[in-house]
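Report on the structure given below.
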Amino acid sequence: MIGTGIVAGAFMDLIGNGIDKSRKRSVIRKYSVVLEVIGWIIIGCASFYVLFIVRDGAWRMYDPFAQVSGLLLYATIFHRPFRFLGRVVHLLVIRPIVFVILLAVRIIRVIVTMVIKLLRVLSAPFVYLYNKVYSSLFQTTEK
C-alpha cells in the first residue's frame, strides 16, 4: 500500500504540473478542480483494485496510513527522480511524436493548398466564360 501511495503522489503531481503548465485561459485551468477530483477518484479505484488483486479486497486499518506514508515518501524522496524521468520522457518520446504529427499536418496542409490553387488556375477560364455567357443569357433585348 505504500507503493500505491507513491504512485498516487506521482499521479497527482503529474496532474498538478499539467494544470500549472497550461495557459491561463485554457479549458484545463478552467476545470482544474474537476480534473483533480477525477484524479483522486481514479487513484481510489486503482488502490482498491490493488487491494482486490493482492488481498481479495480486504481493507485493513493500516492501509490508509500506508498510503499516506507513500504520499509523504513521494514528496520527500521520489519527487525529484520522478520529475527528472518525466522531463526525459517528454524530451525523448513526446516531443518527437508531436513534431512528426505537426510535420505531417503541415505537409498535408501544403499539398491541399497547392491542389486548391491549381484547381483555381485551371478553372479560371471556365469561370470567366460562364460569367460572360450567364450575363448575356438573361439580358432583355426589347426596345
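The values are calculated or read from the model by the stated rules, or taken from the named source; none is laboratory data. Computed from a predicted model, the values in this text were never measured in an experiment. These accessible areas exclude ligands, DNA and RNA; they are computed on the full protein's heavy atoms, side chains included. Shrake-Rupley method; radii C 1.70, N 1.55, O 1.52, S 1.80 Å.
Rounded to the nearest Hz, the phi-derived 3J(HN,Hα) couplings of the range 44-58 under the Karplus curve 6.51 cos²θ - 1.76 cosθ + 1.60 (θ = phi - 60°) are x, 5, 5, 5, 5, 4, 4, 4, 5, 6, 7, 10, 6, x, 6, where x marks glycine and proline. With all projection directions averaged, the alpha carbon convex hull of the range 12-143 covers 17.7 nm². Springs between Cα atoms under 10 Å define the GNM used for the chain, and in it the highest mean-square fluctuation of Ala58, Ala104, Ala124 occurs at Ala124. Rounded to a whole number, what % of the accessible area of the range 1-72 do carbon and sulfur atoms account for, probe 1.4 Å? So the carbon and sulfur contribution to the accessible surface is 71 percent. Taking the C-alpha atoms only, the angle from helix 79-89 to the longest principal axis of the chain is near 30 degrees. Considering only Cα atoms, the convex hull volume of the range 1-58 works out to 60 Å³ per residue. Accessible area of Ile42 (1.4 Å probe, protein heavy atoms only, ligands and nucleic acids ignored): about 90 Å². Can you give the helix-only mean residue ellipticity at 222 nm for the chain, where every DSSP H stretch with n ≥ 4 adds -39500 (n - 2.57) and the sum goes over all residues, rounded to the nearest 500 deg cm²/dmol? Rounded to the nearest 500, it is -27000 deg cm²/dmol. Note on Arg120 and Leu103: the extension gain reaches 3.6 nm, defined as 0.36 nm multiplied by sequence separation minus the Cα-Cα distance. Using a 1.4 Å probe on the protein heavy atoms only, what accessible surface does Ile28 show? Give it in Å² to the nearest 10. It works out to around 80 Å².
Take the chain with all the other protein chains still there, run a 1.4 Å probe, and you get 84 Å² of accessible area per residue.
Here the contact order of the chain, divided by its residue count and restricted to Cα pairs under 8 Å and six or more residues apart, works out to 32 percent.
Each residue was assigned an accessible area with a 1.4 Å probe, and for Leu103 the value is about 80 Å². Taking the 1.4 Å solvent-accessible surface of the range 77-133 as the whole, the part contributed by carbon and sulfur is 79%. With all protein chains in place and ligands, DNA and RNA left out, the 1.4 Å accessible area ranks Leu102, Leu73 as Leu102, Leu73, largest first.
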